Every structure is written in structure tokens, then in C-alpha cells.
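First comes the structure, then the notes that go with it.
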Amino acid sequence: MRLYRHFTDYKDRKQGLALAIGNFDGFHQGHRAVIEHMRKAAHRHGLKSAVMIFEPQPLEYFGRAVPPRLFSLRDKLKAFASCSLDAVFCVPFTKAFCSLSPEHYVDLLQQLNVRVVVVGSLFTFGHNGAAVFEDLKRLCAERGIEADAISAVARSGVRVSSTQIRALLGSGELSCAAQMIGRPFVISGRVVRGQQLGRSLGFPTANVNLRRLVCPLDGVYAVRVRTPEGWFDGVANVGSRPTVSGKRALLEVYLFDFASDLYGREIEVYFLDKLRGEVKFSDLSSLTHQLKADKAKAQCLLPGLKARYAQLCPEFSAVLS
């Protein structure tokens, strides 16, 4: 899979493209339906498979009520790589790009030799996002491009969307969010050095920078963690750590029965249940007492949680059992 940050970097345009366009934040079941439709079209017509995403995401660019980001750019690229795509176009979302007329937008697709374009049913594009799928279909037809819109995917009668998943995560309904995503919600990243306060309290943590403007989680969670040493249960805190006057949000993970060094190594943290909200304690002794209670509660809950998620997300049963 090749990553292109500028259209001019894409040189080999002889073979046409099947292209899926969207934010793909969280790579949920609806996103997978769009990608799968695009991949089938690519195979059917002998085209390369590709996606087009935007950085920053449009609502982050406009800065109005920035939604919590489910996936970092790195997370998205890992998800696309797992689909064996040929190319990813990561388009800088700038004033010039968001001001394009619908006609010029589709002209860009034609210049890339896009033969099939696939989007979600609520897709909008062009200046101020005023154009909708019917406009895309008409403009593409004029240029000999097939345009398909994928109907919304529903779970338990509710439309699967990044917005709905953010709401579920924010209210602590992690299992419902997992059904929409197709796996437990995960945050991945490389472990960085922190203040090592947890170590001094008897709870050494692996710290991961969140790398997003707003995180959809806040509080303390029972988690299952993939490390280079294997899978481990644990407790994770997502927040600014008010007891120690933290300045920015951070993911801190305490792994049970783990003693290796993880600095600079990548971990994946799967969130299974919310234990409590983040609290500012009066002193470190009170914090330590609560950390012990969090560990005991998580150890009690995790066997049942893993069994439940193994049923909800069968493809993860091997690592959750």
C-alpha cells in the first residue's frame, strides 16, 4: 500500500482506480461496507483499490465543536493496510481544497483516472459541502465515472456512524460501541516516558500520547492490551491526571503481572468497561487506595467481560478468551 499526500505524487495513472472517499474515523461496520464495495468493484473492473481521506478532518479544520477523534491518522493507515489496498490519498484539507466547486472536485478524480467512486449515503462535497451524492453521480456520469453510494449499516435498529459511536463511548456504553465498530474500541501508540509517579506508588504505567485534539474517552477503564510480549489484562486511565496537576490528556495503562520495559514500543489498548470517572484526590495516599480498588474491581470484572466481547466480536475471541 502506498501513501500519497499530494495528487501530483501519483504518477502511474495508466491503470484506473476504484476509489472510496470519506473520513473513515473509527473504521466501523459502515466504513467496512464502503471499502468492501470498492474492493469488489476494483476486482470486477481490473482497477487499483484506493481510498481518499482528509487531514485535518473537515470539522477539525473549521474548528466549530470539534468532535472527539476515534482514530489517529496512524490508526487509519493500519486499518487500510489490513484491507490490502493499493493506495491511500491523504489530502491536506485546506481553504483551497474546501473551496473547490463540485465540478472541479470531480475533475480531480478524473485526472487521477478514477473509474469507480464509492461513498456513504450521506456524503457531501464541494464548496461548503453543499453538493450531495446525486450531484456526484451526475457529474461523474458526464465524465464516464461510475458512482455508488452505500446505504447505512444498522445495528439493533440504530444507524452505525462515527457520531453514534462517540456518543456511546462518552456515555460509557462500550459494548454497544463495539457492536457498531466490529471490535472493542482501541487506542494504539508507542509508549513514552512519563513522570514515573505510578512506579513510586506501586502501579507502574505505560504511557501513550493520544495525538488527537479531543479524545472520546475520559476516566478509568478495564482493558485488554496487546504488547510485544503478548496479551495482558489491566487498568487504563484516560485524562489529564488532576491529582498531580497534569496539563494535557494522556493514556496511562497499568498491566497486571507484567515486568518488562515497554519504552518506545507499540501497544494496543482495547477498552472493555468503564470503572469510574477521573477524580482529583486530596493526596497521593487517597489516590493509591483508589488504584488498589480499581485493580481489584477490574480483576473481578475482566473474565466475564472477555467472554461477553468474545461473543459480540467473534473475530477477537482468540485474544479475549
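Would you pick out the residues in the stretch 249-267 that are of a type in the set (Gly, Ala, Ser) and modelled with pLDDT under 90?
Residues satisfying the conditions are Ala249, Ala259, Ser260.
Any idea which of Val118, Val132, Val91, Val114 is modelled with pLDDT of 90 or more, over 28 Å from Gln164 (Cβ atoms), crowded, with 16+ Cβ neighbours inside 10 Å and among the hydrophobic types (A, V, I, L, M, F, W, C)?
Unique residue meeting the criteria: Val114.
Filtering the stretch 55-85 down to residues that are part of a loop (DSSP other than H, G, I, E, B) and polar (S, T, N, Q), which residue is farthest from the chain's Cα centre (by Cα)?
That would be Ser84.
Could you grab me the full set of residues in the stretch 98-120 that are free of Cβ contacts under 8 Å to residues at least 40 places away in the same chain and either in contact with a Phe, Trp or Tyr (Cβ under 7 Å, 6 or more places away or on another chain) or of a type in the set (A, V, I, L, M, F, W, C) (or both)? Spell out how you get there, then give the answer.
Pass one, the stretch 98-120, residues free of Cβ contacts under 8 Å to residues at least 40 places away in the same chain: 99-107, 110.
Listed by number, the residues that qualify are Leu100, Pro102, Tyr105, Val106.
Given the condition closer than 17 Å to Phe24 by Cα and at pLDDT 90 or above, answer yes or no: does some residue in the stretch 187-198 qualify?
Our first condition is that a residue be closer than 17 Å to Phe24 by Cα; within the stretch 187-198, this holds for 187-188.
Applying the additional criterion that residues be at pLDDT 90 or above yields 187-188.
The answer is yes, given that some residue of the stretch 187-198 is closer than 17 Å to Phe24 by Cα and at pLDDT 90 or above.
Restrict the check to the stretch 122-130 and report whether at least one residue is part of a loop (DSSP other than H, G, I, E, B) and touching a helix residue (DSSP H, G or I) at 6+ places or on another chain (Cβ under 7 Å).
yes
Of everything in the stretch 279-321, what is outside any helix (DSSP H, G or I) and surrounded by fewer than 17 Cβ atoms within 10 Å (Cβ to Cβ)? Give them in sequence order.
Taking the stretch 279-321 as the starting set, the residues that turn out to be outside any helix (DSSP H, G or I) are 279-283, 313, 321.
Within the stretch 279-321, Val279, Lys280, Phe281, Ser282, Asp283, Ser321 meet the criteria.
Filter the stretch 10-30 for residues that are among the acidic types (Asp, Glu) and more than 18 Å from Leu77 (Cα to Cα) and give the result.
Asp12
The values are calculated or read from the model by the stated rules, or taken from the named source; none is laboratory data. The structure presented is a predicted model; accordingly, all values stated were derived computationally and were not measured. Every residue, glycine as well, gets a Cβ built from its backbone with ideal geometry; the counts of neighbours run over all protein chains shown.
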